[in-house]
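Trainee: Shown below is the structure under consideration.
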Amino acid sequence: VQLQASGGGLVQPGGSLRLSCLLSGRTVSSYGMGWFRQAPGKEREFVTTIRKNGLTYYADSVRGRFTISRDNAKNTVYLQMNSLKPEDTAVYYCAASDRLILSSLRSEDAYYYWGQGTLVTVSS
């Protein structure tokens, strides 16, 4: 299984950006797919997850602004980010797990496969 994240860039506060994560080697609907981020000088943190059954979960800091979705035909998961803030600046990583359970889906230890990360910078 390989994950390829893309779509990062520089955006002004209040702007939008869409990240993509292409999964190769397996069918994306067979995995729980998550996004994590790591800001400069900080630990990596959970952003959002979509489980195999389609249920989604969000960190409080992004709920209502970010949306995770899945396109099975393209084997791709998306992260639509709206109303971006400077504190959203980070390297964003996509991750996958075929054994995701509710009690641990916010933990990076629950994910077995990781993409290379894409940098999102929110600045004027």
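The values are calculated or read from the model by the stated rules, or taken from the named source; none is laboratory data. The model shown is predicted, which means the values in this text are computed figures rather than measured ones. Positions of Cβ are generated from backbone atoms using ideal geometry, with glycine treated the same way; all protein chains shown enter the neighbour counts. Surface accessibility is based on the protein's heavy atoms, side chains included, excluding ligands, DNA and RNA. Shrake-Rupley method; radii C 1.70, N 1.55, O 1.52, S 1.80 Å.
Trainee: Would you mention how many residues in the range 95-120 are open to solvent by 40 Å² or more (accessible area, probe 1.4 Å) and of a type outside the set (Phe, Trp, Tyr)?
Mentor: 11
Trainee: Additional query: Tally the residues that are of a type outside the set (Lys, Arg) and either open to solvent by less than 60 Å² (accessible area, probe 1.4 Å) or outside any loop (DSSP other than H, G, I, E, B) (or both), restricting the search to the range 51-60.
Mentor: 5
Trainee: Please go through the range 16-50 and pick out each residue that is in a loop (DSSP other than H, G, I, E, B) and crowded, with 21+ Cβ neighbours inside 10 Å.
Mentor: The answer is TYR31, and nothing else.
Trainee: Return the only residue of TYR92, TYR78 being under 15 Å from TYR111 (Cβ atoms), touching a strand residue (DSSP E or B) at 6+ places or on another chain (Cβ under 7 Å) and either open to solvent by less than 50 Å² (accessible area, probe 1.4 Å) or in contact (Cβ under 8 Å) with a residue 40 or more places away in the chain (or both).
Mentor: That would be TYR92, the only listed residue that is under 15 Å from TYR111 (Cβ atoms), touching a strand residue (DSSP E or B) at 6+ places or on another chain (Cβ under 7 Å) and either open to solvent by less than 50 Å² (accessible area, probe 1.4 Å) or in contact (Cβ under 8 Å) with a residue 40 or more places away in the chain (or both).
Trainee: So how many residues does the range 46-56 have that are in contact (Cβ under 8 Å) with a residue 40 or more places away in the chain and in contact with a Lys or Arg (Cβ under 7 Å, 6 or more places away or on another chain)?
Mentor: 2
Trainee: On the given criteria, is PRO13 farther than 18 Å from SER103 by Cα, assigned to a loop (DSSP other than H, G, I, E, B) and modelled with pLDDT under 95?
Mentor: Taking the combined requirement at face value, the residue does not satisfy it.
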